[in-house]
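The values are calculated or read from the model by the stated rules, or taken from the named source; none is laboratory data. Since the model is a prediction, treat every value here as computed from it, not as a measurement. Positions of Cβ are generated from backbone atoms using ideal geometry, with glycine treated the same way; all protein chains shown enter the neighbour counts. Heads up: the accessible areas ignore ligands, DNA and RNA and are worked out on the full protein's heavy atoms, side chains in. Shrake-Rupley method; radii C 1.70, N 1.55, O 1.52, S 1.80 Å.
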Amino acid sequence: MSRGLQGRPIIVTDVEHRSGVAVCRGLHRAGYRVTGISCSRHAAGHWSRACAERLTVAHPLEDEDRFIDGLVRTAARGAYDLLIPGTDASLATVSRRRGELEPHVRLALPPHEVVTRTLDKQHLAAAARAAGLEPPETAVCWTTDDAVAAVRRFGFPVLVKPQQSVFEVDGVARRWGSALVRDERQLVEIAPGYGRPFLVQRRDTSSVLSFAGVRVDGRLLGVAVSQYQRTWLPEAGNVAYSRTIAPPFDLEARVDRLLAELDWQGMFELELLGIGPGRFAAIDLNPRPYGSMALALRSGVNIPALWCDWVLRGTARPVRARPGVYYRWEDADLRHLLWQARRGELRLAARVLRPRRAVAHAYFELRDPGPLAARAVEMAGKGTERAREVARAVREASEPPLFVRGLANGLRRPPSPPSSEAPAPPNKNGTGRFRRAPGTGSLPYDSLVAGRRAAFWGKPLSPCRACRTTSRRGRATARSPPSASSRRGRTGAPCARRRRSCRSSR
C-alpha cells in the first residue's frame with residue numbers, strides 16, 4: 001500500500017460482530033484509521049486496538065432514523081473517506097437512504113436496485129442457474145399450507161428461509177437466518193415468522209464451500225475459497241471451523257458470471273454446496289463483510305483493504321488465498337464439542353481439541369486480546385440472562401418444564417403434593433429450604449442448578465425413586481416431607497443408587 005493512503009479514516013459499522021472485528025483488523029494492518037460504530041457499548045470491535053475511534057448509534061432494525069442520524073453526524077464532523085456497512089440490515093438501510101449520507105462520506109455502493117437484488121434469494125437462484133450453480137430445489141410459499149405441500153414433495157428435514165435478507169412481519173423489520181425444520185408441527189409454528197413470501201428448500205448434506213473476495217470492473221480482484229469442517233448449529237449453521245483450499249477448476253469463472261448477472265461490485269461471500277465432481281450449488285450470498293473473514297486475512301487476502309485501495313486509489317494487486325490455513329470461531333467450536341460429547345461421539349468431540357499451527361481465530365489474537373475478552377463478557381451475560389429466564393418461567397408457569405429451551409428430553413418438575421400433606425420443614429436457619437411458585441408446590445433452590453446442568457448436557461436427571469431426595473449437587477428434583485418412620489431427620493428408605501448424594505443414606 002502506498003504511503004499516501006496511510007492514516008485515511010474509514011467508518012465501519014456493526015463492529016459488535018466477528019465480521020466487523022476482522023474488517024477493523026484488516027484495515028488497521030493496511031494503514032487505515034478505523035472508526036468503529038456499534039449499537040452496543042461493549043462491542044468486541046470497540047475493545048480492539050485496531051479501532052482508533054469508537055462510537056455508538058442505534059440499531060438499524062430498531063430505530064432506522066436514529067441510526068442514519070448517528071451516521072450523518074459522525075460523517076459530517078470528520079473528513080472520512082469511505083463508509084463500510086457491516087451487516088445486511090445496515091447495508092439495506094444505508095443504500096435506501098444514501099441521499100442523506102453521500103454529501104458527507106463516500107459509500108461506493110452499486111445502485112439501490114442492485115443492492116436489493118443481491119439481498120433477494122430468488123434473484124440469487126435465477127443468477128445461479130444462469131451461471132451453472134443451480135441451487136437445491138426450492139419452493140416459494142405464501143402460506144403454511146403451501147409450505148406443508150412443499151414438504152410433502154421434499155420430505156423432512158427441510159430448510160426454511162426468508163426471501164429477503166431483511167424483511168418485515170406485522171410492520172416490524174427482522175433479520176433471520178435459515179432454520180432446519182424436522183416435522184410439520186415445527187414448520188407450522190415458525191413459518192409465520194419468516195414474512196411473506198418465504199422459502200422452503202430441500203436439505204442437502206453435501207459439504208459447504210465459502211467463496212469470498214472482491215469484484216471490481218468485471219473481474220475478481222481477490223479470492224479466498226474455504227471448506228467447512230464444522231458448523232454451529234451442527235446440522236445447519238454458520239461455520240465454526242474451516243480450511244482454505246485451492247479454487248476448484250472453473251469455479252472462479254462461474255462465480256464471476258453469477259455476480260455479473262446480479263451486477264454486483266464490492267466485497268462478497270458466496271456459500272456453495274459441493275454436490276459432486278465439478279458440480280456446485282449456490283445457497284447464499286453475503287454482499288458485505290462476512291463472519292469468517294479473519295481466515296481470508298490470515299491466508300493473505302486482505303479483503304477490506306483491497307476494496308478500500310481500489311475505491312480510493314483505483315488500483316490494487318490481485319491476490320489468491322494460501323491453501324491449508326484454518327479458521328476457528330472459538331465459542332461456536334466449543335459448543336460443537338459439547339454437542340458431540342453429549343451425543344456420545346467422543347472421537348468427533350476430540351477432533352475439536354486437535355492443535356493446529358496456522359489458525360485464524362474469530363476473536364483471539366495475541367497482539368489484540370481485547371475482542372476475545374469482550375466476547376467472553378458477552379457470553380457470560382447471555383448465560384446469566386438465560387438463567388433468569390429459566391427462573392422466571394418456573395415462577396410464572398403453572399407446570400413449567402425445567403428446560404425452557406427444548407433440551408429437556410421430557411424432564412419436568414415433579415407434581416405438587418396433595419394438600420393434605422404437610423409442607424416441607426424449614427432448615428436450621430428457619431428460612432426454609434424451598435421457595436414456592438404460585439399454585440405449583442415446593443421447588444428446591446438447587447433444582448434450577450440441576451436444570452441448567454441438564455440443559456447444558458442435554459440429558460435428563462435421574463433422581464432416586466426411593467426417597468426423592470434433593471442432593472446438594474442438584475442431581476435429584478424434589479424432597480418429600482419426612483415420614484413417620486424417619487430417624488435423625490432421615491427421609492424414606494435408604495438409597496442404593498446414589499449413596500453419596502442422597503440424604504437418606506447418611
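Give, in nm to one decimal, the length gained when the segment between residue 69 and residue 334 is fully stretched (0.36 nm per residue of separation minus the Cα-Cα distance).
On the way: separation 265, 0.36 × 265 = 95.40 nm, distance 3.89 nm.
Computed gain between residue 69 and residue 334 is 91.5 nm.
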Ordering of 198-204, 308-314 by burial proxy (mean other Cβ atoms within 10 Å per residue, highest first): 198-204, 308-314
Work out Dmax and Rg for region 186-246 from the C-alpha atoms and quote the Rg first, both in angstrom. 16.1, 45
Against the empirical 2.2 N^0.38 Å scaling, what ratio does the C-alpha Rg of region 105-191 come to? 1.28
At 1.002 mPa s and 20 °C, Stokes diffusion of region 185-305 via Kirkwood alpha-carbon radius, µm² per second: 138 µm²/s
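What's the carbon and sulfur percent of region 238-316's accessible surface, probe 1.4 angstrom, rounded to a whole number? Numbers along the way, then the final one.
On the way: 1180 of 2520 Å².
Answer for region 238-316 is 47 percent, counting heavy atoms of protein chains only.
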Length gain on complete extension for the stretch residue 392 to residue 144, per 0.36 nm per residue less the alpha carbon to alpha carbon distance? 86.1 nm
List every residue whose amide H lies under 5 Å from the amide H of residue 269, counting only residues 5 or more places away in sequence or on a different chain, with H placed 1.01 Å from N in the peptide plane. 286, 288
Give me the percent relative contact order of region 138-294, please, defined on Cα pairs under 8 angstrom at least 6 residues apart. 19 percent
What list of ³J(HN,Hα) values in whole Hz, one per residue of region 286-301 in order, does the Karplus curve 6.51 cos²θ - 1.76 cosθ + 1.60 (θ = phi - 60°) give from phi, with Gly and Pro shown as x? 10, x, 5, x, 10, x, 9, 5, 4, 5, 5, 4, 5, 8, x, 10
Segment residue 168-residue 184, extension gain: residue separation times 0.36 nm, minus the distance between their alpha carbons: 3.4 nm
Given 4 °C, 1.567 mPa s and a Kirkwood radius over Cα pairs, the Stokes-Einstein diffusion coefficient of region 3-104 in µm²/s is 97 µm²/s
Quote the Stokes-Einstein diffusion coefficient, in whole µm² s⁻¹, for region 297-370, based on the Kirkwood radius over alpha carbon pairs, a temperature of 4 °C and a viscosity of 1.567 mPa s. 87 µm²/s
With x for Gly and Pro, the residue-by-residue ³J(HN,Hα) of region 87-101, computed from phi through the Karplus equation 6.51 cos²θ - 1.76 cosθ + 1.60 at θ = phi - 60° and given in whole Hz, is 9, 4, 5, 5, 4, 5, 5, 5, 5, 5, 10, 5, x, 7, 9
Return the carbon/sulfur percentage of the accessible area of region 97-150, one whole number, probe 1.4 Å, all protein chains in place. 51 percent
Along each of the three principal axes of the Cα atoms of region 236-319, give the extent in whole Å, ordering the values from largest to smallest. 41, 30, 21
Compute the Kirkwood hydrodynamic radius of region 114-248, taking the inverse of the mean of 1/r over all pairs of distinct Cα atoms, and give it in Å to one decimal. 16.4 Å
Please list the non-local residues whose amide H lies under 5 Å from the amide H of residue 119, H modeled 1.01 Å from N, same-chain partners needing a gap of 5 or more. none
How large is ³J(HN,Hα), in whole Hz, for each residue of region 61-68 in order, when computed from phi with the Karplus curve 6.51 cos²θ - 1.76 cosθ + 1.60 and θ = phi - 60°, using x for Gly and Pro? 7, 9, 8, 4, 5, 5, 4, 5
